[in-house]
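Okay, structure first, notes after.
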Amino acid sequence: MHLSMLLDMAAEGFADRVVLGPADSGPTAGRLRELADAGAASIGDADALIHLAVNGPALPVALFAAARAGVPLIPLNYRLGADQLATLLAHHPRALVIAGPDHDEAPRRAGLRVTTPQEWLDAPPAPAPPGQGDLDSSAAPVLPGQGGPDSPAVLIYTSGTTSTPKAVVLRHRNLVSYVLGTVEFAAAGPEEAALVSVPPYHIAAVAGVLTNLYAGRRALTLERFTADGWLRLVREQGITHAMVVPTMLARIMDAEGLDRSVPALRALSYGGARMPARVVEAALRAWPDVDFAGAYGLTETSSTITVLGPREHRTALDADDPAVRSRLGSAGLPVPGVELEVRDASGTVLGAGEKGEIWVRGEQVSGEYAGQGAATDERGFFPTRDRGHLDGGGYLHIEGRADDTIIRGAENIAPAEIEDVLLRHPDVLDAVVVGVPDDEWGQRIEAVVVLRAGAAADGDGLRDAVRAVLRGSRTPDRIVCWPELPRTATGKLVRREIVEALAGEGEAR
C-alpha cells in the first residue's frame, strides 16, 4: 500500500507505453520510474519536496521521487502572494524546492535549495542498488528512506478562502486505497489519453497522476485554460478522457463561435465546485456520445468519494419524473469502500430526504491536518462541513458548505437553492448568493450576478424572477451586477470577499 508499488506495477506491466505528454515524445512508464529514481537520489537530506511551479511532467516525477525517498511531496499554490508563500515555506525549512523561473524568489529568500523543473527532470541517473551489480535499468532501487504505508505521501494546503490554510496529511495508504477502489489496473487502451486541467496544488491533479498511470492512460496537462485552447488540444492530441471544473465547462459551452467538435472524446469528468444544471445540460446535448461523470470529494478524502455516472446523467436528462431528474444536480453514489452519513447538529444520523451535515468514512479518508492530528470521530467518520441529504436511492445531494448557510431570522436558507433559480435565467452567466450581516434579521440575503453581454435584466427584475419560483422569504433583499465573481483556480467562490464587499457597499449607502 505504497505509491512506489503503483509506479513499479506500471513500469513492469507496460514499460514501453508513453504515459506522460505528447504521444511522440513523452516518457514511457519505464522512463518515468528511471526519472523518479534519479529524483529520489537528488533529494538528498531534504525532509520534504516542494513543487512550486505550473503543472507539467515535473509533478508526477516529483510525486513518485518523494515517495521513493520517503519524504512527502508538498505542492504549493504558486499564485499566492509573497507573504503567504513565506509563511508556508517557513513550515518546511529543510525542504528541496522545484520552482519555476517566475516563482523561485520566495524559496531562495527563505534559504531553501531550489531547482528548476527542467533541472529536476535532467537529474543524473540513480546508481544501482548496493549489492545488485549491473541490474536491468527497470529495476527500482531500494531506498533507505522509503517509508511504509502509514508515512505521509503528500501534504496539501487548503485554499484558505475562509480561514488560515491548513496542511492536509495524505498518507500512502489513503491514496493507494483511493486508486485501488476506483481504477482497474492497465484497463486503458494504448490509444487513450487524458487531459487534466487543474493546477498541481489541487488534490485532483495528484489523483489524476495516480489513476491515469495505474490505468495505463497517457496524461497531459493544460497550463493555462481557455475554452478555445482546451478544445484545440483535445482534438490535436486525440484526448479520450478529460477532467474540468465547472467554470471551465461553462466557458466552453457559453463562448460563441467555437468549434466544439471533440471526435475522440469518450468521457468527461467534472468536480471541484458545484455544477450549474444549465451548464451540464448544455454539455450533454452538445456531446451526445460522451460519457459524463460528476465527482464530489475533498482534499481530506484523497479526492472522489461519490460519483454520478454516465447512465445517471442521460437518464436524468431525459426523465419526466422530477425525483429522477433532480439527480442530475446530485453528487451521485459513494465509491467502493466509502460510507456516508448525514447528521443533525446533535449528531443523530438522519434518514432519506432529511438535511444535515455530511460525514464520511473509509480507508481513503485522511481527515488529518499537520500539527493538529485527525479530525475524525470515535467511529472514524470525518465531518466534511458540507450540508446535504441522501435521497431514497442513496444519491447524495449537496446544498453547500455549512458555513455558507444563511440564517435569516430563525430560518436556515441554502444559497444553492436561490443560485439555481438565478442561473437558469437567460440573462445570467454566473451568480452567487450570500448572507450579509444585518441588525434586524441577523443576516439578509444578497446576490451578485454576472450578466451575459447585451443582457437587459436588472436587480429588480431578477428579484421578481426568483420570487416567482421561490417564496418571498427566499428572495434576495438585493441583487447587484458585477463584471465577474472572485473564484479560485479550481472554480470555488471566495465568498468571504463577496460578503465583505457587499457589507461595505451597504455601509456606504
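The values are calculated or read from the model by the stated rules, or taken from the named source; none is laboratory data. Note that the structure is a prediction, hence the values are computed from the model and not measured. Cβ atoms come from the backbone with ideal geometry, glycine included; neighbour counts cover every protein chain shown.
Within region 172-221, how many residues turn out to be among the acidic types (Asp, Glu) and at positive phi?
Applying the first criterion (among the acidic types (Asp, Glu)) to region 172-221 yields 184, 191-192.
Cutting the leftovers down to at positive phi gives us none.
Within region 172-221, residues that are among the acidic types (Asp, Glu) and at positive phi number 0.
Can you tell me which residue among ALA255, ALA215, ALA242, ALA227 is of a type in the set (Gly, Ala, Ser) and either touching a Gly at 6+ places or on another chain (Cβ under 9 Å) or surrounded by fewer than 17 Cβ atoms within 10 Å (Cβ to Cβ) (or both)? Give the derivation first.
Numbers: ALA215 fails: either touching a Gly at 6+ places or on another chain (Cβ under 9 Å) or surrounded by fewer than 17 Cβ atoms within 10 Å (Cβ to Cβ) (or both); ALA242 fails: either touching a Gly at 6+ places or on another chain (Cβ under 9 Å) or surrounded by fewer than 17 Cβ atoms within 10 Å (Cβ to Cβ) (or both); ALA227 fails: either touching a Gly at 6+ places or on another chain (Cβ under 9 Å) or surrounded by fewer than 17 Cβ atoms within 10 Å (Cβ to Cβ) (or both).
Unique residue meeting the criteria: ALA255.
Give region 68-86 a look and list any residue that's farther than 24 Å from ALA204 by Cβ and loosely packed, with under 14 Cβ neighbours inside 10 Å, or say none.
Those that are farther than 24 Å from ALA204 by Cβ and loosely packed, with under 14 Cβ neighbours inside 10 Å: ALA82, ASP83.
Residues to consider are VAL279, VAL290, VAL307, VAL262; find the one that is aliphatic (A, V, I, L, M), surrounded by fewer than 24 Cβ atoms within 10 Å (Cβ to Cβ) and in the same structural domain as ALA375 (by TED's automatic domain parsing).
Numbers: VAL279 fails: in the same structural domain as ALA375 (by TED's automatic domain parsing); VAL290 fails: in the same structural domain as ALA375 (by TED's automatic domain parsing); VAL262 fails: in the same structural domain as ALA375 (by TED's automatic domain parsing).
After ruling out the rest, the residue left standing is VAL307.
Does any residue in region 472-491 that is without any contact (Cβ under 8 Å) to a residue 60 or more places away in the chain and assigned by TED's automatic domain parsing to the domain that holds ALA453 come within less than 7 Å, Cβ to Cβ, of a residue that is surrounded by fewer than 18 Cβ atoms within 10 Å (Cβ to Cβ) and of a type in the set (A, V, I, L, M, F, W, C) six or more places away or on a different chain, and which pairs are these?
If the second residue must be surrounded by fewer than 18 Cβ atoms within 10 Å (Cβ to Cβ) and of a type in the set (A, V, I, L, M, F, W, C), the pairs left are TRP482/VAL450; PRO483/VAL450; GLU484/VAL450; LEU485/VAL450; PRO486/VAL494.
Take the residues of region 11-29 that are within 24 Å of LEU233 (Cβ to Cβ) and in contact with a Phe, Trp or Tyr (Cβ under 9 Å, 6 or more places away or on another chain): which is surrounded by the most Cβ atoms within 10 Å (Cβ to Cβ)?
Step one: filter region 11-29 for residues within 24 Å of LEU233 (Cβ to Cβ), giving 14, 17-29.
Of the ones still in play, those that are also in contact with a Phe, Trp or Tyr (Cβ under 9 Å, 6 or more places away or on another chain) are 28-29.
Values: THR28: 18, ALA29: 23.
Taking the candidates together, the pick is ALA29.
Could you give every pair whose Cβ atoms fall below 7 Å, whose first residue belongs to region 429-449 and is within 11 Å of ASP477 (Cβ to Cβ), and whose second residue is among the small types (Gly, Ala, Ser) and surrounded by 21 or more Cβ atoms within 10 Å (Cβ to Cβ), counting only separations of at least 6 or pairs across chains?
Listed by first residue and then by second, the contacts come to VAL433/ALA447; GLN443/GLY435; ILE445/GLY435; ALA447/ALA431.
Please determine, by comparing only the residues of region 325-353 that are surrounded by 15 or more Cβ atoms within 10 Å (Cβ to Cβ) and among the β-branched types (Val, Ile, Thr), which one is nearest to PRO310 (Cα to Cα). I'd like the intermediate steps shown before the answer.
At the first step, the residues of region 325-353 found to be surrounded by 15 or more Cβ atoms within 10 Å (Cβ to Cβ) are 325-335, 337-338, 340-343, 350.
Narrowing the set further to residues that are among the β-branched types (Val, Ile, Thr) leaves 335, 338, 342.
Numbers: VAL335: 14, VAL338: 20, VAL342: 25 Å.
Filtering first and then ranking leaves VAL335.
Could you please let me know if PRO57 is surrounded by fewer than 24 Cβ atoms within 10 Å (Cβ to Cβ) and not hydrophobic (A, V, I, L, M, F, W, C)?
Working: surrounded by fewer than 24 Cβ atoms within 10 Å (Cβ to Cβ): yes; not hydrophobic (A, V, I, L, M, F, W, C): yes.
Yes; evaluated as a whole, the condition is true for this residue.
Checking the condition more than 30 Å from ARG232 (Cβ to Cβ) and acidic (Asp, Glu), which residue from GLU192, GLU184 passes? Working first, answer last.
On the way: GLU192 fails: more than 30 Å from ARG232 (Cβ to Cβ).
Just a single option satisfies the conditions, and that option is GLU184.
Limited to region 381-437, what total is found for residues that are surrounded by fewer than 20 Cβ atoms within 10 Å (Cβ to Cβ) and β-branched (Val, Ile, Thr)?
Adding up the residues that qualify gives 3.
Return the pair list, or none, for Cβ contacts closer than 7 Å from residues in region 242-266 that are among the acidic types (Asp, Glu) to residues that are modelled with pLDDT of 95 or more and not in a loop (DSSP other than H, G, I, E, B), at least 6 apart or on different chains.
That search, which allows pairs on different chains as well, returns ASP259/LEU231.
Which of the numbered conditions does ASN77 fail, given that it passes all the others? Conditions: (1) within 17 Å of the chain's Cα centre (by Cα); (2) under 20 Å from ALA106 (Cα atoms); (3) of a type outside the set (Ser, Thr, Tyr); (4) modelled with pLDDT of 95 or more.
Of the numbered conditions (1) within 17 Å of the chain's Cα centre (by Cα); (2) under 20 Å from ALA106 (Cα atoms); (3) of a type outside the set (Ser, Thr, Tyr); (4) modelled with pLDDT of 95 or more, the odd one out for ASN77 is (4).
Is it the case that some residue within region 285-305 is in contact (Cβ under 8 Å) with a residue 24 or more places away in the chain, in contact with a His (Cβ under 7 Å, 6 or more places away or on another chain) and outside any strand (DSSP E or B)?
Looking for residues that are in contact (Cβ under 8 Å) with a residue 24 or more places away in the chain, in contact with a His (Cβ under 7 Å, 6 or more places away or on another chain) and outside any strand (DSSP E or B), one finds none in region 285-305, hence no.
For region 44-79, how many residues meet the condition of being touching a helix residue (DSSP H, G or I) at 6+ places or on another chain (Cβ under 6 Å), in contact (Cβ under 8 Å) with a residue 60 or more places away in the chain and assigned to a helix (DSSP H, G or I)?
Residues flagged as touching a helix residue (DSSP H, G or I) at 6+ places or on another chain (Cβ under 6 Å), in contact (Cβ under 8 Å) with a residue 60 or more places away in the chain and assigned to a helix (DSSP H, G or I) within region 44-79 amount to 8.
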